[in-house]
Amino acid sequence: MIEIESATKVFGTGEAAFRALNAVNVTIAENEFFTLLGPSGCGKTTLLRLIAGFEPPTMGAIKLAGDDITRLRPAERPVNTVFQNYALFPHMSVAGNIAFGLEMLGKPKDEVDSTVAEMLRLVKMEELKDRRTSEISGGQQQRVALARALAPHPKVLLLDEPLSALDLKLRKEMQIELKRLQHETGITFVFVTHDQEEALTMSDRIAVMNGGEILQIGNPKEIYERPSARFVANFIGESNFLDATLKGGQVTLAAGGTFDVSVPDGVADGAVSVLLRPEHVAARAGAAQDGEIAATVDTVVYSGEATTLHLSLPTGEKVKAKIGNAPLGDGSLPKEGDSAALTVATGAITVLRD
Amino acid sequence: MAETQTYQPGELEAEARAADNRSRWLLSLPAVVIITCAAAGPLLVMVLYSFLTPGDYGNVKWQFSLDGWTNIFVQRDIFDDTLIWADAHLSIFWRSLSLSLITTILTLLFGVPTAWFIATQPANRRQFWLFLVTVPFWTNLLVRTIAIQELIRSEGVINLALMKVGLIDEPIQMMFTDFAIGFGMTYVYLPLMVLPVYASVDKLDFRLVEAAHDLYAGRWTAFRRVILPLIKPGIIAGSILVFIPSLGAYVTPRVLGGGKNLMFGNLIELQFGAGRNWPLGAALSLMLMLAVMVALIWYVRVTSREQADG
Ligand SMILES: Nc1ncnc2c1ncn2[C@@H]1O[C@H](COP(=O)(O)OP(=O)(O)OP(=O)(O)O)[C@@H](O)[C@H]1O
Ligand SMILES: [Mg+2]
């Protein structure tokens with residue numbers, strides 16, 4: 001179990017000081033697949049570097065299984081890293097890279113050899129094991145980096161965007177493989193990604209970060225369906241933000257319609273902003289009847305599995321409705337310029353904290 | 001419609017390569033001319049002289065002789081005309097070799113940490129430190145060597161200071177010893193080690209060092225297994241830059257070693273001066289060059305095999 005207690009990291013001093021992490025608190029459970037998700041520069045790599053021990057925190061502490069490890073050197077922490085830039089040793093072969101950690105731990109030769117062989121098989125690099133790491137492709141390097149970090153069987157594996165250089169097919173394969181590995185080995189994974197879909201499919205819990213702070217921690221379902229902040233909602237999936245009025249556990253949209261909602265802590269009755277996911281909006285051509293919201297279709301975008309309608313409400317607000325495509329189309333979807341009637345699925349409306 | 005031109009496979013690549021070659025030759029022309037005039041020419045003269053007969057007042061007589069070369073190894077006894085081994089030459093060669101090796105090792109010991117220190121400074125301060133390293137080049141070598149003499153001679157700064165604080169009663173004899181030569185040469189050649197090593201440490205990706213620590217390597221192991229192999233090119237370049245000129249060093253051994261502690265450079269100079277044996281001098285120079293070449297070729301062989309082995 002990793003506990004990060006109000007970890008703050010400030011780079012530079014005086015005028016040039018930059019707060020890359022601001023009082024971050026996280027507890028990661030043993031054998032959890034924990035994902036850090038956030039835009040570029042939000043401090044994901046910095047947080048990993050604090051856990052690995054490459055960088056001391058400006059303030060705060062890091063504990064592993066109850067012990068304070070804040071002062072331990074990287075070599076003393078049972079933590080391995082898959083670096084964002086791989087950081088493979090260019091003067092060693094693929095197999096040499098994978099063996100390095102095991103050799104440093106003083107494992108006997110035959111154990112090193114068998115673990116290396118197993119790792120090579122795992123990342124499908126058996127054929128290239130004698131190549132230099134400068135002579136393999138980016139995706140192959142990424143796999144070697146993964147194998148190298150896994151080989152010593154650490155308690156915690158830190159993965160900094162480990163799949164970003166892989167093509168879609170290999171990426172999906174490696175996602176499943178990683179998930180299986182994490183399950184079988186009992187290693188805690190702290191995984192960094194830009195890719196929201198990857199985060200949602202792989203993680204036990206996700207921490208969404210922005211500007212050096214964690215905005216929300218939760219399982220994928222909570223993060224996607226009950227984001228607490230506008231930033232989180234916007235960062236993950238597609239969103240409609242609508243103005244509404246909250247009163248006694250119900251919201252009334254400016255565009256019409258009243259819905260039961262769960263009210264997050266600290267939100268008082270009055271004007272609020274609510275989230276409505278496009279796939280929770282249904283649309284049909286024609287005039288709005290009772291319980292429906294009137295709208296006009298601006299554009300229709302076909303994207304294979306679904307069609308997205310871009311609509312305008314009478315209030316001037318814009319709404320997207322994403323509708324799954326029926327086989328061969330059913331012709332009932334409104335066309336551009338049509339007036340449409342929208343229905344909102346029950347429980348689809350989330351009140352945002354800001 | 002324009003007709004589509006068809007090419008032989010590889011034709012375009014060959015053309016590009018040829019054009020590339022041409023422009024490279026053109027660019028290297030000045031260097032080629034200078035090297036031919038300044039290095040190859042004099043070298044030919046030396047080869048020629050080494051096979052001639054010494055003139056009476058220096059210079060050479062145009063008369064073929066192998067004496068220049070045989071005299072490296074054997075000399076004719078002045079009294080009974082028998083051939084005896086030229087021990088002096090061999091022992092001087094050996095001294096030069098060992099002093100040069102020691103100089104190289106010392107410059108490595110002092111130079112690598114210095115280069116590391118400079119390369120790990122913040123970028124804006126590195127220029128300053130590098131500048132300090134190059135300051136000695138501003139002063140003439142002879143002047144600097146004489147300054148060292150001022151430090152280590154019997155009434156010099158070091159001895160006076162040590163006697164003043166009472167650590168020693170009598171001055172330590174440092175001038176005219178091998179220590180003086182080694183000290184002086186280490187000082188003179190240190191920048192030649194620091195600069196190439198600095199260049200390779202500067203290129204070193206420190207994230208690799210982090211990766212080594214992450215994989216449980218201690219400081220020393222990380223140095224030996226990751227840092228050293230990666231800065232090896234700089235260390236090798238530095239060692240070559242120090243070792244080769246050390247072998248032929250002339251000014252420093254002359255000033256600090258005195259007349260007795262000759263090195264190979266002084267031996268050669270002797271033949272062209274008081275010894276009046278230009279062919280022997282030429283042969284000695286060429287032999288030194290051959291020795292260096294053999295060492296370098298052997299070295300290149302070994303390292304390229306190492307590279308191939310992975
Ligand atoms: N050594 C450093 N000195 C100064 N600023 C730094 C340093 N390392 C990181 N930063 C800054 O801290 C912020 C967070 O960096 P970090 O590398 O953690 O981002 P990230 O979330 O990993 O981004 P990305 O997704 O692009 O990898 C960035 O604004 C970066 O410029
Ligand atoms: Mg990063």
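The values are calculated or read from the model by the stated rules, or taken from the named source; none is laboratory data. Here the structure is a predicted model, which is why all the values come from computation and not from measurement. Ideal geometry is used to build each Cβ from the backbone, glycine not excepted, and the neighbour counts take in all protein chains shown. For accessibility, only protein heavy atoms count, side chains too; no ligands or nucleic acids. Shrake-Rupley method; radii C 1.70, N 1.55, O 1.52, S 1.80 Å.
Going by average Cβ neighbours within 10 Å, how do the peptides A:78-90, A:108-120, A:13-25 rank, with the highest at the top?
Ranked by mean Cβ neighbours within 10 Å, highest first: A:78-90, A:108-120, A:13-25.
Return the sequence-ordered ³J(HN,Hα) values of region B:92-107 in whole Hz as given by the Karplus equation 6.51 cos²θ - 1.76 cosθ + 1.60 applied to θ = phi - 60°, using x for Gly and Pro.
Coupling constants for region B:92-107: 5, 4, 4, 4, 4, 4, 6, 5, 5, 4, 4, 4, 4, 5, 5, 5 Hz.
Under a point spin-label approximation (7 Å from Cα along Cα-to-Cβ), what is the B:Ile78-A:Ser339 distance to one decimal in nm?
So the two model labels end up 12.8 nm from each other.
Using only the alpha carbons of chain B, determine the length spanned along each of the three principal axes and report them from longest to shortest in whole angstroms.
Each principal axis gives a Cα extent; for chain B these are 95, 64, 38 Å.
Choose one of B:Leu52, B:Val74, B:Ala18: the residue whose Cα lies farthest towards the positive end of the charge dipole of region B:11-84 (beta-carbon charges +1 Lys, Arg; -1 Asp, Glu; about the Cα centre).
B:Ala18
To the nearest 20 Debye, how big is the dipole of chain A about its Cα centre, given +1 on the beta carbon of each Lys and Arg and -1 on that of each Asp and Glu?
620 debye
Only protein chains counted, 1.4 angstrom probe. Which residues of region B:222-238 are at least 30 Å² less accessible in the assembly than when their chain is isolated?
Buried-area filter returns B:Arg225, B:Val226, B:Leu230.
To two decimal places, what compactness ratio does the protein assembly as shown give when its Cα radius of gyration is scaled by 2.2 N^0.38 Å? It would help to have the intermediate numbers written out before the result.
Values: Rg = 38.0 Å, N = 664, 2.2 N^0.38 = 26.0 Å.
Computed over Cα atoms of the protein assembly as shown, the ratio equals 1.46.
Report the FRET efficiency, 1/(1 + (r/R0)^6), for A:Ser114 and A:Thr299, where r is their Cβ-Cβ distance and R0 is 56 Å, rounded to 0.05. Walk me through the numbers before you get to the answer.
Values: r = 59 Å, r/R0 = 1.06.
In this case the efficiency is close to 0.40.
Per-residue Cβ counts within 10 Å, from other chains only, averaged over A:53-60: what number is that?
Going residue by residue through A:53-60 and averaging, the value is 1.
Quick one: which of A:Lys155/A:Lys179; A:Lys221/A:Lys318; A:Lys247/A:Lys320; A:Lys221/A:Lys320 span more than 19 angstrom between C-alpha atoms? Show your work: numbers first, answer last.
Working: A:Lys155/A:Lys179 16 Å; A:Lys221/A:Lys318 25 Å; A:Lys247/A:Lys320 26 Å; A:Lys221/A:Lys320 21 Å.
Distance filter (> 19 Å) returns A:Lys221/A:Lys318; A:Lys247/A:Lys320; A:Lys221/A:Lys320.
If you roll a 1.4 Å probe over the heavy atoms of the protein chains, what accessible area per residue do you get for region B:88-196, in Å²?
57 Å²
For chain A, which whole-number percentage of the solvent-accessible area (1.4 Å probe, protein heavy atoms only) is attributable to carbon and sulfur atoms?
Working: 8250 of 16110 Å².
Carbon and sulfur together cover 51 percent of it.
Determine the distance separating the Cα centre of region B:1-50 from the Cα centre of region B:152-180; give it in Å without decimals.
Centre-to-centre (Cα) distance: 58 Å.
Quick one: buried accessible area between A and B, total over both chains, 1.4 angstrom probe, nearest 100 Å²?
2000 Å²
Near the amide H of A:Ile206, under 5 Å away, which other amide H atoms are found, from residues 5 or more places off or on another chain, if H is placed in the peptide plane?
A:Thr35, A:Gly218, A:Asn219
So, R0 is 51 Å and r is the distance between the beta-carbons of B:Lys260 and B:Arg207; what FRET efficiency does that work out to, to 0.05?
The computed FRET efficiency comes out at 0.40.
What residues have an amide H closer than 5 Å to that of A:Met92, excluding those fewer than 5 places away on the same chain, when H is modeled at 1.01 Å from N in the peptide plane?
A:Thr133
Just to check I understand the Karplus step: with θ = phi - 60° and J = 6.51 cos²θ - 1.76 cosθ + 1.60, what whole-Hz values come out for region B:84-90, glycine and proline as x?
10, 4, 7, 3, 4, 4, 5
Just to be sure I understand the model, the point goes 7 Å from the Cα along the line to the Cβ. What's the resulting A:Ser40 to A:Val267 distance in nm?
It is 3.2 nm.
Work out from phi, with θ = phi - 60° and the Karplus expression 6.51 cos²θ - 1.76 cosθ + 1.60, the ³J(HN,Hα) of each residue of region A:284-297, listed in order in whole Hz, and give x for Gly and Pro.
Using θ = phi - 60°, the values come out as 9, 6, x, 7, 6, 10, 4, x, 9, 10, 7, 7, 10, 7 Hz.
Near A:Lys335, which aspartates and glutamates are there with a Cα under 17 Å away, not counting those fewer than 8 places off in the same chain?
Here the aspartates and glutamates satisfying the reach criterion relative to A:Lys335 are A:Asp298.
For region A:162-210, what is the accessible area per residue in Å², given a 1.4 Å probe and the full set of protein chains?
43 Å²
For chain B, what does -39500 (n - 2.57) per DSSP helix run (n ≥ 4), summed and divided by total residues, give at 222 nm, in deg cm²/dmol to the nearest 500?
-22500 deg cm²/dmol
Which Cα, out of A:Thr46, A:Val94, A:Ala326, lies furthest along the positive dipole direction of chain A (beta carbon charges, K/R +1, D/E -1)?
The one lying farthest along the dipole's positive direction is A:Val94.
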